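Student: Shown below is the structure under consideration.
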Amino acid sequence: MISVLMFLNSRGDVVFSRSFRNGFNVRTLAETFRNELISSKLVDRCPVNFVNRTCFIHLKLTDLYVVMVSNSNVNCLVCLQYGVRLLQYIQSYFDDLDEKAVKENFVTLQSIIDESMDFGYPILTDMEAMTAFVTNDGVKPEVLKNTVESERIADRLTGVTPWRVEGCLYQNNEIFVDVFENVNLLLAQTGEVLQSNVTGRVVMNNFLSGMPECELHWNAKVMNRNQTDPVSTDGTGEELIPLSDISFHNCVRLTADGEEERRLLFVPPDGKFTLMTYRSSVNVQPPMKVIAATARELSRTRTELEFTLKSDAPPGQIVTEVAVTVPCPDNTAAASIKVPRGKATYDAVSHGIVWKLPKMRSGEEIPFFAEVRQIAPTEATETLWSKPPITIAFQCVSLSLTGLRITELKVHEPVFMYTPNKWIRYTVMAGDYQCRL
């Protein structure tokens, strides 16, 4: 499987490494990765590359590369999944993951890798179980010294529900469910939708005693390659929402008869966790639009930007935390902005105008006008302005663009037999939301 695991910085220097097989030189592997992949820009094209019959599998996070090396017939998808899980482990321990954090927390990182992998094979991929005996100072001393404690943890890791600790007890039993949907959209100058998709996730935060059995009913249809009809209904005639690229938490018990299309059965981990992620390509009504966007270049030193921001949210819905970023030429000196509502300022660092509005009601239209004054370019510095798109950020509560609905949530605990309080909320947010100038 994996022979060497390395953390490299953006220059290709080794920050941290762990060897599982003999016959590999970490410094030589790092130089090969730097010279053959980073320098040639191949590192940005594909996460799997072969150099001199050696397989390099990498993930990039900010200024770090997580590189897994093997010279055998390796399962690349398993390696990529382990890399993702490993980064999730590390981010649960540290707020920021960069070169400095890796060097300062060498012992913790070494413990996480040693406990999650044995001789290059992943053996523990559950974050909740990992945090039970690995702290910021490494493995807990009582686990290493106390045989009874070690056996208890081993029984939990090899049990039916390794993600949940037995003996949880709360005075008030509650469960919170958040359905977050990020809209990725590209609009033309006329307001026409050129490209759109929705990525979502269901996040649960539970405070439940004992070992509760949860049953979640929803109106989703799990799409696969053999399904071509996006419209179907359940036994009651209700239309199911087509979802694709669904990824469940390992606590979900999937069945072979396709019952997960109508309900999910699981014993949830204690606290907050992501139950599932999904993607949908259904045609959605954009909650926010930019209408008649124009950029008029009056001269070499003056440019006018004008458009109308419109809220197309469903009736009664309010869009909050609206932030519109309007790009400006790199040689902009100042900007005169006129907006009837909100606050708009020019940011010289990002070369853009940031317009913030606390909220917008459904159907509301607000005009925007700005006159940009630029530094006169010389023959050496004069370049054509590429007119990057306008980006919009917003949030809309109590809205689901895909139509996904949690129709019922049952909780059964055989010992305590309580009836918990249940709270379900839907939120739509802007992902990669762009409008062309």
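The values are calculated or read from the model by the stated rules, or taken from the named source; none is laboratory data. Just so it is clear, the structure is predicted and the values come from calculations on it, not from any experiment. For neighbour counting, all protein chains shown are included, and Cβ atoms are generated from backbone atoms with ideal geometry for every residue, glycine included. Ligands, DNA and RNA are stripped out before the accessible areas are found, and what is left, the full protein with its side chains, is counted by its heavy atoms. Shrake-Rupley method; radii C 1.70, N 1.55, O 1.52, S 1.80 Å.
Student: Given the peptides 298-308, 425-435, 151-161, arrange them by the average over their residues of other C-beta atoms within 10 Å, most packed first.
Tutor: My ranking of the peptides, most packed first, is 425-435, 298-308, 151-161.
Student: Could you state how much accessible area residue 24 has, in square angstrom rounded to the nearest 10, with a 1.4 Å probe and all protein chains kept in place?
Tutor: 50 Å²
Student: With every protein chain left in place and a probe of 1.4 Å, what is the accessible surface of residue 423, to the nearest 10 Å²?
Tutor: 130 Å²
Student: Please get the size of the charge dipole for the range 4-144, origin at its Cα centre, with Cβ charges of +1 on Lys and Arg and -1 on Asp and Glu, quoted in debye to the nearest 20.
Tutor: 680 debye
Student: For the chain, give the magnitude of the charge dipole about the Cα centre (Cβ charges: +1 Lys/Arg, -1 Asp/Glu; no others), in debye to the nearest 20.
Tutor: With Lys and Arg at +1 and Asp and Glu at -1, about 940 debye.
Student: With r defined as the distance between the Cβ atoms of residue 436 and residue 397 and R0 fixed at 35 Å, what FRET efficiency is calculated, to the nearest 0.05?
Tutor: Values: r = 28 Å, r/R0 = 0.81.
That gives a FRET efficiency of 0.80.
Student: Next question, about the same structure. When the Karplus curve 6.51 cos²θ - 1.76 cosθ + 1.60 is applied with θ = phi - 60°, which whole-Hz ³J(HN,Hα) does each residue of the range 430-437 get, with x for Gly and Pro?
Tutor: 7, x, 8, 10, 10, 10, 6, 8
Student: Name the residue farthest towards the positive end of the dipole of the chain from the options 26, 5, 43, assuming +1 on Cβ of Lys and Arg, -1 on Cβ of Asp and Glu, about the Cα centre.
Tutor: After comparing all options, I get 43.
Student: Another one. In degrees from 0 to 90, rounded to the nearest 10, what is the angle of the helix 76-93 Cα long axis to the longest principal axis of the chain?
Tutor: Orientation of helix 76-93: about 90 degrees from the principal axis.
Student: By how many degrees, between 0 and 90 and to the nearest 10, does the Cα long axis of helix 106-116 differ from the longest principal axis of the chain?
Tutor: Relative to the chain, helix 106-116 is tipped by roughly 60 degrees.
Student: Further, regarding this structure: Could you order 394, 119 by accessible surface area, starting with the largest, using a probe radius of 1.4 Å?
Tutor: Details: 394 10, 119 120 Å².
Order by accessible area, largest first: 119, 394.
Student: Also, quick follow-up: Of 264, 89, 311, whose Cα points farthest to the positive end of the dipole of the chain (charges on the beta-carbon: +1 Lys, Arg; -1 Asp, Glu; origin at the Cα centre)?
Tutor: Projecting each Cα onto the dipole axis, the largest value belongs to 311.
Student: Report the one residue of 374, 344, 389 whose Cα lies farthest in the direction of the positive end of the charge dipole of the range 288-397 (charges on C-beta: Lys and Arg +1, Asp and Glu -1; origin at the Cα centre).
Tutor: So the residue furthest toward the plus end is 344.
Student: Could I ask something else about it? Could you tell me, in Å, what Rg and Dmax come out for the Cα atoms of the chain?
Tutor: Rg, Dmax (Cα atoms, Å): 26.1, 80.
Student: Percentage of Cα-Cα pair distances in the range 100-197 greater than 18 Å, rounded to whole percent? Present the calculation step by step, with values, prior to reporting the outcome.
Tutor: Values: 3163 of 4753 pairs.
When every Cα pair of the range 100-197 is considered, 67 percent fall beyond 18 Å.
Student: Determine how large the accessible area of residue 244 is when every protein chain is in place; take a 1.4 Å probe and give Å² rounded to the nearest 10.
Tutor: Accessible area of residue 244: about 30 Å².
Student: Taking 0.36 nm per residue of sequence separation and subtracting the Cα-Cα distance, how much length would be gained by fully extending the chain between residue 107 and residue 425, in nm to one decimal?
Tutor: So the chain would gain 110.5 nm between residue 107 and residue 425.
Student: Rolling a 1.4 angstrom probe over the protein heavy atoms, how many square angstrom per residue are accessible across the chain?
Tutor: Numbers: 22680 Å² over 437 residues.
Dividing the accessible area of the chain by its residue count gives 52 Å².
Student: May I ask you to derive the FRET efficiency for residue 154 and residue 92 from their Cβ-Cβ distance with R0 = 22 Å, giving the value to the nearest 0.05? Present the calculation step by step, with values, prior to reporting the outcome.
Tutor: On the way: r = 21 Å, r/R0 = 0.97.
E between residue 154 and residue 92, to the nearest 0.05, is 0.55.
Student: Under Stokes-Einstein, with the Kirkwood radius over Cα pairs standing in for Rh, what whole-number D in µm²/s applies to the range 288-397 at 20 °C and 1.002 mPa s?
Tutor: 146 µm²/s
Student: Roll a 1.4 angstrom probe over the protein heavy atoms and tell me the percent of accessible area of the chain that is carbon or sulfur.
Tutor: On the way: 11080 of 22680 Å².
That fraction is 49 percent.
Student: Now, a different point. Angle, helix 147-157 long axis vs. longest principal axis of the chain, Cα atoms, 0 to 90°, nearest 10?
Tutor: Its long axis makes an angle of about 50 degrees.
Student: Top to bottom by accessible area (1.4 Å), largest first, where do 17, 3 land?
Tutor: Most to least solvent-accessible, the answer reads 17, 3.
Student: With every protein chain kept in the model, how would you rank 21, 27, 436 by accessible area, 1.4 Å probe, largest at the top?
Tutor: So, going from the largest accessible area down, we get 27, 436, 21.
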